[in-house]
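Readers should treat all values here as calculations from the given coordinates under stated rules, not as data from a laboratory. Predicted model only: the values in this text are computed from it and were never measured. Glycine gets a Cβ as well: all are built from the backbone with ideal geometry, and neighbour counts include every protein chain shown.
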Amino acid sequence: MILGNEEFTDRKDHRKRIRVVIQIIALLGALALFINAFFTLKTYHPYSESLAAGNSEDTGFIALSYFGVDRMGDTSTLIGEEQLRRQLKALRDQGYVTITQKDIEAYYKDGKPLPQRSLFLMFEDGRRDTAIFAQDILEEFNYKASMMTYPEKFEKKDPKFLMPKELKDMQESSFWELGSNGYRLEFINVFDRYNNYIGEIDPLKFSMMHDYLGRRYNHFLMDYIRDKNGMPKESYNHMVSRIGYDYERLRDIYTEQLGAVPELYVLMHSNTGKFGNNDRVSAVNERWIRELFQMNFNREGYCFNQRNSSIYDLTRMQPQPYWPINHLLMRIKYDINQPIQFIQGNEEKQKKWELIDGASEIKEETYLLTSLPEGDGLARLKDSGDYTDVKVSAYLEGNSFGTQQIYLRASDDLKRYISVGIINGELIVEEVNNGDRRELYKEKLSIIDGEKPLSVEEDKRDAEVRELEAFARYAPSAEEAREYAARAEKRRNEPAASIEEGADPYKGPESFHARQNRKLTISLKNDTISVQVDGKAAAADVKVADTQRGALYLHAAWNKDAWSQRNLADDVYDGIYRKLIVTSNTGESSEKVLFTSELQGWEKYQFRAKQVWEAVLNWFLKHL
């Protein structure tokens, strides 16, 4: 049908009006978030002194430090607003109250007791979105936090970061204190994973290169600046002057812009047991830290602090955006060695499961199975003991490095079962009989996807191209940018032997931060099993020896070889099973549903509507 000009114009105007209304709603939502961040009528109320007075033992305090907060949490570093709310609510429900910097000073210097459940909360990097999205949560739970900043950002007036006027307003709200991450974030002595020397780079270049870096790099304050052979490129006096300059600039900018240097410091990135990777460098840092600050978080990885530690050698945990709540609680429980109550989520649905090891939460359509530290998570579907021929489908969304498995036809003592799972980026089908394990199928997911595996030579070329591209993008002049771009293009066009040509395959380390979302579809009937991954055929008609009936289990496990570029340990793993559906496998057109985690009825429609609305609102906030 062809529309007339008038009808076409009316329809176009109608669509435009709808779009404008949606944009106005999104803008009003963003404005409300901004106003809430910097204008509040609520006031923070410190914990009751009676909580501390009744605590005769040294229960210390835990310290958590978040990189930052945004609305959805769809980045590798920023936690979503709702996820942060759920994590802090879980701590509040456990009885945790926040303590202040002055509380820590009094605890170490005057022996003042703290409440039995004390939390010191920090947000790093001084991001504006963190203030916007965390403010309401702090008010809701009566929590106080320290906002860490880099004063270099004040000079550059970067709109992503909070400026001094905003930081003063946050202090006046009573829910915030101020701290410092140091003058700037800068990296020195950087090598890529092929030991190519890169030298000194800023965070922008680092973000472009980090996929090709190993662990050979350091923060600006941690060491001498060195050449490719590891020899210092600067004298002792130059090192002292270079490091001193950062602290002097930090002191002067904070004093000028905020009236004083914050009392709290987080040394980036120490974790050395000292204040640097070199004794002489450590001594310089220590002198400046003690002169300018009242306390220093010197380590990361553990959350628990007691009086037997120095106030200048405190430790913090940095929760990752992808952690389920029980992951955080599991880490805290084994740091403080005190009882913790894990959350269950949907209690009615939990009745269908028997938790054997670890902790579990059922959230909407997802079963989240959290392992013990350096151990396993294991859960059994109740009333599944006589399953034999079944079809199973589920989205496995745990981190790619670790173990997520589904056990079928499993005996009660787990000496007999068939397992299908993703382990360290590979689809593995196994059969266990009387404790003897037999591998039936094994293949990398990348091969199943049809990706061409890289050779070492090809990956090395890609790494060097990316490094040159980073220097080109952030070159100080157009001339240098053209030179680096030309070198990158030349390297890109140089030949590199492929695996087919006899080169060694690239087998890089798997980061435990890497995420995955894979749909497994399993068909088990009589003595054969077939598995699809994301609709692609993988294991097809693989023979199994055991045809006895048995139960369905979910298994999640930590892997000791998990790797992190920041060299920080996380010994807990989460198996995440979304839309787990089990049906009979009779071959009939309509199979009986034995179990499903999918939402049903009105609950399902509400959930889908919420997902659509969140996606629309997030799109407008991101693109307006």
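Which pairs, out of 352/610; 525/610; 160/519, put more than 31 Å between their alpha-carbon atoms? Correct reply: 525/610; 160/519.
For the pair residue 507 and residue 616, label points projected 7 Å from Cα toward Cβ lie 5.1 nm apart.
Would you mind calculating the gained length between residue 216 and residue 112 on full extension (0.36 nm times residue separation, minus the Cα-Cα distance), in nm to one decimal?
33.3 nm
Membrane-span-like helices in the chain, defined here as complete DSSP H runs extending at least 24 Å along the helix axis by their C-alpha atoms with mean Kyte-Doolittle hydropathy no lower than -1.0, are 5-38, 236-258, 601-623; this is a sequence and geometry rule, not a statement about a membrane. Evaluated at q = 0.10, 0.14, 0.20 Å⁻¹, a Debye calculation over the C-alpha positions of the stretch 311-446 (equal weights, vacuum) places log10 I(q)/I(0) at -0.41, -0.77, -1.39. Between residue 56 and residue 279, the modelled labels are 4.5 nm apart [label points 7 Å from Cα along Cα→Cβ]. If you take all other residues with their beta carbon under 13 Å from the beta carbon of residue 329, and give Lys and Arg +1 and Asp and Glu -1, the sum is +2. Inverting the pair-averaged 1/r between distinct Cα atoms of the stretch 371-437 gives 13.1 Å as its Kirkwood hydrodynamic radius. Extension gain, residue 105 to residue 592: 0.36 nm times the residue separation minus the Cα-Cα distance gives 169.0 nm.
Each residue in 466, 280 was given a count of other beta-carbon atoms within 10 angstrom of its own, and listing them fewest first yields 280, 466. The label-point distance for residue 48 and residue 234, in a model that sets each label 7 Å from Cα toward Cβ, rounds to 5.3 nm. Candidates 180, 113, 133 compared by Cα position along the dipole of the chain: farthest toward the positive end lies 133, with charges placed on Cβ. Based on C-alpha pairs under 8 angstrom that are at least 6 apart in sequence, the stretch 174-215 has a relative contact order of 34 percent. Entry for the stretch 500-552 at q = 0.31 Å⁻¹: log10 I(q)/I(0) = -1.14, Debye formula applied to identical alpha-carbon scatterers, no solvent contribution. Here the chain is treated with +1 on each Lys and Arg Cβ and -1 on each Asp and Glu Cβ, and its dipole about the Cα centre works out to around 680 debye.
According to the Kirkwood relation over distinct C-alpha pairs, the hydrodynamic radius of the stretch 267-331 is 13.1 Å.
Please give the net charge around residue 455, taking every other residue with its beta carbon less than 11 angstrom from that of residue 455, where Lys and Arg add +1 and Asp and Glu add -1.
That sum, taken over residues with Cβ under 11 Å, equals -3.
The stretch between residue 354 and residue 490, if pulled fully straight at 0.36 nm per residue, gains 43.0 nm over its current Cα-Cα span.
Projecting the Cα positions of 285, 43, 392 onto the charge dipole of the chain (unit charges on Cβ atoms of Lys, Arg, Asp and Glu, taken about the Cα centre) puts 43 furthest along the positive direction. Other residues lying with their Cβ under 14 Å from the Cβ of residue 168 contribute a combined charge of -4, Lys and Arg counting +1, Asp and Glu -1. Exposure proxy for 479, 139: other Cβ atoms within 10 Å of each Cβ, ordered fewest to most, give 479, 139. Mean residue ellipticity at 222 nm, helices only, the chain: -10500 deg cm²/dmol; runs of at least 4 DSSP H residues each add -39,500 (n - 2.57), and the sum is divided by the number of residues.
Here's the list of aspartates and glutamates a cross-link from residue 102 could span, going by alpha-carbon distance under 15 Å and ignoring same-chain residues fewer than 8 apart: 49, 110, 177, 263.
Ordering of 439-447, 364-372 by packing is 364-372, 439-447, highest average first (other Cβ atoms within 10 Å, averaged per residue).
If both residues of a DSSP beta bridge must be in the chain, then about 75% of such bridges are antiparallel. Looking at the stretch 229-291, what % of the alpha carbon pairs are farther apart than 18 Å? Percent of Cα pairs beyond 18 Å in the stretch 229-291: 42.
When 500, 598, 286 are sorted by how many other C-beta atoms sit within 10 angstrom of their C-beta, beginning with the fewest, the order is 500, 598, 286.
Relative contact order for the chain using alpha-carbon pairs under 8 Å, separation at least 6, rounded to a whole percent? Provide the component values of the computation, followed by the final result.
Numbers: 1244 pairs, mean separation 78.5, N = 624.
Normalised by residue count, the contact order of the chain is 13 percent.
Note: relative contact order over the stretch 38-182, using C-alpha pairs below 8 Å and six or more positions apart, is 29 percent. Once you divide the Cα radius of gyration of the chain by 2.2 N^0.38 Å, the number left is 1.08. In this structure the amide hydrogen of residue 177, modeled in the peptide plane, comes within under 5 Å of the amide hydrogens of 145, 146, 147, none closer than 5 places in sequence on its chain.
Residues of the stretch 80-114 falling in the label zone of residue 174, defined by backbone nitrogen less than 19 Å from a point 7 Å along Cα to beta-carbon, are 97-103.
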